[in-house]
Amino acid sequence: MAATMSIILRLELDREKGSFGEVATAVTRAGGDIVAIDVIKEAKQKTTRDVTVRVNGQAHADEVVQTVRDIQYVSVVHVSDRTFLVHLGGKIEMRPKVPINNREDLSRVYTPEVARISQAIYENPDLAHTLTIKRNTVAVVSDGSAVLGLGNIGAAAAMPVMEGKAMLFKQLGQIDAMPVCLDTQDTEELILIIKAMAPTYGGINLEDIASPRCFEIENRLTEELDIPVFHDDQHGTAVVIMAGLLNALKLVKKDIKDIKVVVCGIGAAGIASTKMLLNAGITNVIGVDKEGAITKGKSYAHSMWDWYAEHTNPHQEKGALSDVLEGADVFIGVSAPNILTVDDLKKMNKDPIVFAMANPNPEISPELAEPHVRVLATGRSDYPNQINNVLCFPGIFRGALDCRATTITENMKLAAAKAIADSIGEDELNEDYIIPSVFNKEVVKNVSAAVAEAANKDGVARKL
Ligand SMILES: NC(=O)c1ccc[n+]([C@@H]2O[C@H](COP(=O)([O-])OP(=O)(O)OC[C@H]3O[C@@H](n4cnc5c(N)ncnc54)[C@H](O)[C@@H]3O)[C@@H](O)[C@H]2O)c1
Ligand SMILES: O=C(O)C[C@H](O)C(=O)O
Ligand SMILES: [Mg+2]
């Protein structure tokens with residue numbers, strides 16, 4: 001399944017011999033959807049126009065462009081991709097909060113007077129929360145080792161994703177977030193660097209760091225730092241899955257204690273989600289990775305899978321994904337694209353709930369899955385029920401920063417999940433609406449309040 005995208009074709013038409021009608025017909029015939037036309041220049045002989053066309057992926061874009069190139073008296077000056085245009089020069093910037101117009105301003109925000117502020121913080125380190133950006137700034141840290149579903153593409157290539165997360169932190173949570181992509185994938189080095197940069201930040205959002213390394217990094221940083229450290233792909237995902245599942249179960253009227261859940265992809269997101277499902281009282285969870293179902297008695301390459309085998313799969317079901325899906329009520333995919341088939345879905349119990357969340361392309365295309373499931377969710381914004389950790393991280397950090405939490409506890413996560421689920425009223429709930437929209441303004445408000453309250457109860461809030 002290809003993602004829809006928009007391209008802009010700059011065309012030069014011979015006004016006498018060519019016609020724009022011909023272009024429109026050709027584009028439409030090739031399956032492109034013209035969404036805008038802008039006149040750039042009108043001359044006697046020639047007219048220059050920008051035509052914005054929605055297409056289904058790069059191959060389709062090439063086909064549409066070729067069709068237009070084939071028209072006589074029309075030349076394609078250049079083709080631009082709107083997504084690339086929006087990324088020119090990056091997506092965020094830093095801006096001062098006060099102007100520096102004269103010497104007095106200068107000496108106040110900078111030397112010599114700034115020295116008094118530094119001295120004050122030196123004498124009372126707690127003042128860093130009041131007198132620096134620390135109070136409202138989060139680092140979005142990645143080593144580029146598990147970027148979306150793209151894999152290990154490195155620090156530089158991870159930047160657009162981290163910039164995107166920073167935008168969302170700001171827009172949804174009014175939090176200033178700094179993308180920090182580090183050019184090392186060494187666990188100890190990452191811990192050392194993140195610890196060393198912690199004084200600047202009020203929280204650390206770890207992002208797209210591959211498992212199993214991510215577990216050690218998060219655990220050690222949580223132990224050694226006094227600010228919240230949150231691996232978004234683990235816990236943000238788990239929280240949103242939990243929220244979606246709570247609501248989906250209301251629809252199919254199944255009790256959380258009776259359901260069979262298959263989790264596919266036992267990495268960062270899969271393990272954290274499983275822990276949350278178990279905490280919520282689900283007993284029959286089966287994990288499947290590339291080698292099939294995780295069962296006791298096998299020796300696994302990483303220790304988390306040994307833990308997983310101990311705590312899941314109570315009936316020791318063996319085999320491939322399609323084997324263990326027999327009679328499952330819920331499929332949760334946080335693995336890889338296109339690994340689930342329609343035949344697999346047919347093996348599931350009545351009213352199947354399918355969360356196919358690999359990004360950017362889910363475990364099964366929604367078009368294929370839809371006729372065979374009761375509730376379908378993906379990680380994408382172009383289908384209903386977007387289960388994406390963006391529903392969690394702005395609110396959870398907003399709540400944690402507001403109460404100056406030292407850490408993020410299990411109760412804070414569960415409170416976040418319930419707050420997300422409860423953002424949809426019982427009367428609004430339906431198969432295409434189990435999870436609120438990213439743009440639902442209530443979500444961050446509800447999540448942050450619930451998280452701060454849970455932090456207070458757990459005694460990890462420094463500000464009541
Ligand atoms: N929608 C969301 O909010 C959201 C959040 C986090 C992750 N994700 C997506 O979930 C996927 C995993 O993310 P992660 O951070 O956990 O990565 P990860 O690398 O930690 O884990 C992925 C796991 O999937 C397994 N896997 C790969 N191919 C498989 C296959 N064919 N069958 C079974 N298992 C397979 C890998 O072996 C690995 O254990 C990515 O596609 C990511 O984009 C989505
Ligand atoms: O970035 C996203 O859209 C979700 C998640 O963090 C992922 O890595 O896929
Ligand atoms: Mg991620």
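The values are calculated or read from the model by the stated rules, or taken from the named source; none is laboratory data. None of these values were measured; they are calculated from a predicted model. Neighbour counts run over all protein chains shown; Cβ positions are idealised from the backbone, glycine included. Side chains included, ligands, DNA and RNA excluded: accessible areas come from the protein's heavy atoms. Shrake-Rupley method; radii C 1.70, N 1.55, O 1.52, S 1.80 Å.
Given the options Y122, Y73, name the one that is open to solvent by 90 Å² or more (accessible area, probe 1.4 Å) and at pLDDT 95 or above. Walk me through it before giving the result.
On the way: Y73 fails: at pLDDT 95 or above.
One residue alone meets the criteria, Y122.
Scanning the range 344-372 for residues that are closer than 24 Å to S423 by Cα, open to solvent by 10 Å² or more (accessible area, probe 1.4 Å) and away from ligand 3 (no atom under 15 Å from the Cβ) returns D351, P352. F439 meets each of the listed conditions (1) closer than 16 Å to V240 by Cα; (2) surrounded by fewer than 21 Cβ atoms within 10 Å (Cβ to Cβ); (3) at pLDDT 95 or above apart from (3).
For the range 144-171, residues that are at negative phi and away from ligand 3 (no atom under 12 Å from the Cβ) total 13.
Suppose we filter the range 172-200 for residues that are on the phi < 0 side of the Ramachandran plot and in contact (Cβ under 8 Å) with a residue 60 or more places away in the chain; how many remain? Explain how you work it out, then say what you get.
Kept after step one, since they are on the phi < 0 side of the Ramachandran plot, are these residues of the range 172-200: 172-173, 175-200.
Keeping just the survivors that are in contact (Cβ under 8 Å) with a residue 60 or more places away in the chain gives 172-173, 175, 179, 199-200.
So the count comes out to 6.
Residues of the range 54-82 that are part of a strand (DSSP E or B) and within 17 Å of G18 (Cα to Cα): V74, S75, V76, V77. Scan the range 185-213 for residues that are of a type in the set (S, T, N, Q) and modelled with pLDDT under 95 and the total you get is 1.
Would you confirm, using the coordinates I've provided, whether T48 is over 30 Å from P160 (Cα atoms), at pLDDT 95 or above and among the polar types (S, T, N, Q)?
Working: over 30 Å from P160 (Cα atoms): yes; at pLDDT 95 or above: yes; among the polar types (S, T, N, Q): yes.
When the stated conditions are applied, T48 passes them.
Quick one: which helices (runs of 4 or more DSSP H) lie wholly within the range 214-313 and hold at least 1 residues that are modelled with pLDDT of 95 or more and among the β-branched types (V, I, T)? Give the derivation first.
On the way: elements: 237-252, 268-279, 303-311.
By residue number, 237-252, 268-279.
Quick check on E363: is it more than 22 Å from D232 (Cβ to Cβ) and in the same structural domain as N385 (by TED's automatic domain parsing)? Steps first, please.
Numbers: more than 22 Å from D232 (Cβ to Cβ): no; in the same structural domain as N385 (by TED's automatic domain parsing): yes.
No, not satisfied.
So for the range 183-192 (the condition being in a helix (DSSP H, G or I), hydrophobic (A, V, I, L, M, F, W, C) and within 16 Å of ligand 1 (Cβ to nearest atom)), does at least one residue qualify? Yes, the range 183-192 has at least one match. Considering only residues of the range 106-117 that are among the hydroxyl-bearing types (S, T, Y) and open to solvent by 70 Å² or more (accessible area, probe 1.4 Å), which is farthest from R135 (Cα to Cα)? Among those residues, the one meeting the criterion is T111.
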